[in-house]
1. Just to be sure I understand, how many residues within the range A:87-106 are open to solvent by less than 60 Å² (accessible area, probe 1.4 Å) and under 16 Å from the mean Cα position of the chain (by Cα)?
2. Restricting to the range B:170-198, and then to whatever is basic (Lys, Arg) and touching a Ser or Thr at 6+ places or on another chain (Cβ under 9 Å), can you tell me which residue is farthest from the other protein chains (Cβ to nearest Cβ)?
3. Report every pair of residues separated by at least 6 positions or lying on different chains whose Cβ atoms are under 8 Å apart, first residue within the range A:161-177 and within 7 Å of chain B (Cβ to nearest Cβ), second surrounded by 21 or more Cβ atoms within 10 Å (Cβ to Cβ) and among the charged types (D, E, K, R).
4. So which residues in the range B:79-112 are β-branched (Val, Ile, Thr) and open to solvent by less than 10 Å² (accessible area, probe 1.4 Å)?
5. Given the range B:297-395, what strands (runs of 3 or more DSSP E) lie entirely inside it while holding 1 or more residues that are within 14 Å of another protein chain (Cβ to nearest Cβ)?
6. Filter the range B:398-431 for residues that are in a loop (DSSP other than H, G, I, E, B) and either hydroxyl-bearing (Ser, Thr, Tyr) or more than 11 Å from chain A (Cβ to nearest Cβ) (or both) and give the result.
7. Counting only residues that are among the charged types (D, E, K, R) and at pLDDT 85 or above, which one in the range A:127-165 is most open to solvent (accessible area, probe 1.4 Å)?
8. Would it be correct to say that B:LEU333 is buried (at least 23 other Cβ atoms within 10 Å of the Cβ) and either at pLDDT 95 or above or over 25 Å from the mean Cα position of the chain (by Cα) (or both)?
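The values are calculated or read from the model by the stated rules, or taken from the named source; none is laboratory data. Nothing here was measured: the structure is a model prediction, and the numbers come from that model. Using ideal geometry, Cβ is built from the backbone for each residue, glycine included, and neighbour counts are taken over all protein chains shown. For accessibility, only protein heavy atoms count, side chains too; no ligands or nucleic acids. Shrake-Rupley method; radii C 1.70, N 1.55, O 1.52, S 1.80 Å.
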Amino acid sequence: MLTFLLKRLLGLLPTLLIVSILVFLFVHLLPGDPARLAAGQDADAQTVALVRTELGLDRPLPEQFVRYFANLARGDLGVSIRTRRPVSTEIGERFLPTLLLTLTSMAWAVAFGLIIGIVSAVYRNEWPDRVGMTLAVSGISFPAFALGILLMQIFSVELGWLPTVGADTWRHYVLPSLTLGAAVAAVMARFTRAAFVEVIGEDFVRTARAKGLKERVVIAKHCLRNALIPVVTMMGLQFGFLLGGSIVVEAVFNWPGMGRLLVDAVNQRDYPVIQALVLLFSLEFILINLVVDVLYGLINPTIRYR
Amino acid sequence: MFERFLLAAGLLAVAAAPAAAAGDPILAISGQPETLDPYNTNTTLTTAVTKSFYEGLFGFDKDLKVRNVLAESYENSPDGLVYTFKLREGVKFHDGTTFDAAAVKANLDRVLDPENHLARYNQFNRIKTIEVLSPTSLRITLKEPFGPFINSLAHASAAIISPTALKKYGKDIAFHPVGTGPFTFVDWKQTDYVKGAKFADYWQAGFPKVDTITWKPVPENGTRAAMLQTGEADFAFPLPYEQAKMLESNKKLKIEVHASIIERYLSMNVLQKPFDDLRVRQAINYAINKEALAKVAFSGYAFPAQGIVPQGVRYAHKMDPWPYDPAKARQLLKEAGYANGFEATLWSAYTTTTAQKAIQFLQQQLGQVGIKVQTLALEPGQRTEWVQTAPDPKTARVRLYYAGWSSSTGEADWGLRPLLATEAWPPKLNNTAYYSNAEFDALLAKALVSTNDAERAELYAKAQEIVMKDAPWAPLVTERNLYATSARLSGVYVMPDGNIDSGEIAVAQ
C-alpha cells in the first residue's frame with residue numbers, strides 16, 4: 001500500500017511537467033496581446049511598448065520559456081500581469097473559499113444523492129422512485145445561474161434570512177453550496193440508482209435474503225458496498241470539477257473563488273495566472289484520483305494495489 | 001417538524017440582519033480595481049475608487065465640468081505653452097506630508113520617466129519642463145500648445161501622491177495609496193473590497209460626511225440589484241435594465257437615470273470593398289432604425305446618437321440622427337452595384353448581453369436591405385489581436401465593427417482623434433474604420449494647439465460634420481447610465497463618462 005502511494009506520487013512529476021509545457025505553449029498560442037490588454041483602451045503604441053517591457057513580454061519566447069521553468073523549479077509562480085501581485089498570493093487567497101464551498105456542497109450533495117438514489121432503486125418504478133428521479137432530472141436541467149438568482153431572491157431579498165454575497169460566516173455558505181450542489185446531488189442520485197438496481201438483481205443479494213437477513217441489512221451492508229464503486233468514481237470526478245471553482249455560482253454570489261480568477265485571467269491573457277491555475281487543477285485531479293483508488297480498496301477488499 | 005423548521009428560520013432571521021451599519025456605506029461596482037495607482041490604469045472604474053484617496057490639481061464635477069481642486073487658479077501664456085499654477089495652501093497628505101509644488105513635480109516626473117512604465121504616460125508626454133517657483137507656485141512648459149491640457153490634469157489619473165510615500169513604497173504605492181483625498185486607505189482585500197476611513201485633516205471643512213467608505217466589486221448585475229434590496233449595498237452601478245421597473249417600486253431605493261457620454265457606433269473599414277463606396281456606407285446608415293435599437297438592445301436606456309461625439313463632451317456638435325429609410329438604403333445599394341446585397345462580417349468589441357442583442361438587431365436590420373452579415377462577439381484577447389493590434393491596415397480583417405467610446409478627458413479631442421484620425425489607425429489607436437481625411441486631420445491638429453475657445457468649438461464642429469458626411473461610421477445610440485442608491489444615501493453620482501463622483505457622500509441617520 002505504501003509503495004503504491006509512493007509510486008503514484010512520484011508518477012505525478014512527469015505528468016505535471018508535461019502539463020506545464022503544454023499549458024505554456026497553448027497559452028502563448030492564444031490570440032491576444034497581454035500588454036495591449038493591460039495597457040487599456042486609451043493607451044497609444046508607445047505606452048503599450050512600455051508595458052510590454054515591464055512585463056518581460058518583449059523577450060523571445062524560448063527565453064520566456066526557460067525563465068518560466070527556472071522560476072517554477074524554485075517554486076516561484078511569477079507575478080500576475082493584471083494585478084502585479086504574486087500568483088501564489090492571488091491563488092492562495094481564493095483556494096480556501098473554493099475548497100470549503102466544494103466540501104460543503106459535496107457533503108450535502110453526496111448525502112442527498114445517495115439517499116435519493118437508494119430509495120429510488122429500492123422502490124423502483126413506484127412513487128418514491130418517480131419523485132426522486134423527477135427531482136434529479138430537475139436538478140440536472142435547472143441552470144445553476146437561475147437557481148442561484150432564485151434562491152437569492154427568495155431567501156435574501158424576500159425573506160431576509162441569508163446574506164447575498166461574501167464568504168465570511170456559515171450563513172454565507174448556505175445558498176452557494178445549495179446552488180453548486182444541486183447538479184451534483186442529481187447526478188449522484190441517478191448514478192446511485194443505476195448502480196443499485198444492477199446490484200439488487202445479483203445472485204448474492206438473493207442469497208442474503210434467502211438466508212433470512214433483514215431487508216435493511218441486505219440493502220445497507222451487501223448492496224451498498226458493491227454499488228459504491230461507480231458512485232465513488234463519479235464523486236471523485238465531480239469533486240475535481242467543483243475544486244476548479246464554479247464560474248457561474250461564484251459570479252452570482254460574488255464568491256472569492258478560483259473560477260472567477262480563471263475567467264479574469266483568460267480574458268486578460270494573464271499568462272502566469274492561467275499557467276499556475278491549470279497546473280493546480282491537474283494536480284488536484286491526480287490527487288483526487290489517487291484518493292479514489294485508495295477508497296476502492298476500502299470499499300472492496302478484493303481490490304489489490306500493486 | 002414543521003414548527004421546528006419555523007423556529008430555525010426565526011433564529012436565522014434574527015442572526016442574519018446583514019444591513020450595512022450607519023455611516024459606513026458600501027458601494028457595489030461591477031469590477032475589481034486592478035491597481036490603486038491612478039497612473040497605472042486605463043480603467044474608469046478603477047479611478048472611481050482611487051478618487052476616494054487621491055485628488056488632482058483639477059477635477060471633474062458630476063456634469064464633467066472642470067473645477068479647481070488642489071490648484072486655486074492658473075494662467076496660460078498667450079502662446080499656449082506656459083502654464084503657471086497657484087496651489088492651495090494648508091493641504092496635508094494622509095501621512096502628514098505637506099502638499100506643495102515640489103510634490104506635484106515629483107508626481108509628474110514619475111509618470112514622465114519611461115523607466116517607470118506607467119500606463120498613463122501618453123496623457124502627460126507633451127510636458128517639457130516642470131519648475132517649482134515657490135511652495136505654492138508651479139510652472140509647466142509644454143513642447144507644443146495643447147488645448148485640453150487642463151482637462152488632462154482634471155482626469156482622475158492625474159492624482160497627486162504623497163512624495164514621501166512614493167519614496168517609501170516605490171512600485172508598491174499601488175497597494176498603499178497615500179493622497180490628499182477625503183479618505184485614508186484602510187484595507188484592500190482584492191477579492192472582496194477596498195476600504196477607506198475618514199481623513200481627519202481633510203482640507204475641505206465638514207467633509208467627508210461618513211466615517212468609512214467601502215467599494216465592493218460585484219461582477220454580476222442581478223446580484224448588485226439584490227444587495228441593494230437587502231440593504232447590503234447603498235449604491236449599485238450599473239444595474240440590469242430588466243430590473244429597473246421592479247427596483248423603482250421599492251420605496252427604500254432611489255433610481256437614477258442620466259445621459260452618458262458613451263456612444264455606440266458601427267465602424268466600417270473604408271479600405272475594403274464594398275465599404276470603400278460612400279453609397280454603401282450611407283445605405284447602412286439608412287438601414288438601421290436607431291430608435292428600435294435603443295428599445296430592443298438597451299431596453300430604452302439609450303437614445304439615437306446626436307452626432308459623432310455625444311452631448312456633454314466639450315465641443316460636441318449636435319447633429320440630427322441619420323433617418324431610418326430602408327427603401328433609400330436599397331436604392332443606394334443598387335446604385336453602388338449591389339442590387340442583390342452582399343455578405344459581410346460584423347464583430348462586436350464586447351461579449352455582454354447588451355452587445356449580443358445589439359449585433360443581432362443590426363444583423364436583422366441589415367438583412368432587410370439585402371446585406372447578409374455574420375456576427376461574432378469578440379472576447380478581449382481576440383479583440384486586441386484581430387482589431388487593435390492588426391499590424392497591416394491592408395490585411396486587417398475587421399469590416400463592420402460594433403464598439404463604443406467615451407472621451408475620458410471630457411473633450412472632443414479624445415472623442416475624435418483616437419477613433420478617426422489617420423494617425424490612430426491600429427495598431428496605434430482605435431480608428432477601426434481606417435478612415436483618413438486630410439481636412440479632418442488638419443482641423444483636429446489646429447484645434448489641439450489653439451487656445452481660443454470659440455475657435456476650437458468651430459474647428460471641432462467642422463471636423464464632426466465632415467465625419468458625418470463621409471460616414472465611416474454609422475453612429476448608433478448614446479447610452480443612459482442607470483444606477484440606484486438606498487434612500488439614506490446622498491452625494492454619490494455616476495458621471496456621464498461612467499466614472500463615479502463620491503466626494504460628497506453622506507448617509508442620513
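1. Step one: list which residues in the range A:87-106 are open to solvent by less than 60 Å² (accessible area, probe 1.4 Å), which gives A:87, A:89-92, A:94, A:97-99, A:101-102, A:104-106.
Then keep just the ones that are under 16 Å from the mean Cα position of the chain (by Cα); that gives A:91, A:94, A:97-99, A:101-102, A:104-106.
Number of matching residues: 10.
2. Narrowing the range B:170-198 to residues basic (Lys, Arg): B:171, B:189, B:195, B:198.
Keeping just the survivors that are touching a Ser or Thr at 6+ places or on another chain (Cβ under 9 Å) gives B:195, B:198.
Working: B:LYS195: 14, B:LYS198: 24 Å.
Applying the filter and picking the extreme gives B:LYS198.
3. Pairs found: A:PRO163/B:GLU232; A:THR164/B:GLU232; A:VAL165/B:LYS216; A:VAL165/B:GLU232.
4. B:VAL91, B:VAL104, B:VAL111
5. Working: elements: B:302-304, B:342-348, B:371-377.
Answer list for the range B:297-395: B:342-348, B:371-377.
6. Across the range B:398-431, the qualifying residues are B:VAL398, B:ARG399, B:SER406, B:SER407, B:SER408, B:THR409, B:GLY410, B:ALA412, B:ALA421, B:ASN431.
7. Residue satisfying both the conditions and the ranking: A:ARG130.
8. Values: buried (at least 23 other Cβ atoms within 10 Å of the Cβ): yes; either at pLDDT 95 or above or over 25 Å from the mean Cα position of the chain (by Cα) (or both): yes.
Spelling it out, B:LEU333 is indeed buried (at least 23 other Cβ atoms within 10 Å of the Cβ) and either at pLDDT 95 or above or over 25 Å from the mean Cα position of the chain (by Cα) (or both).
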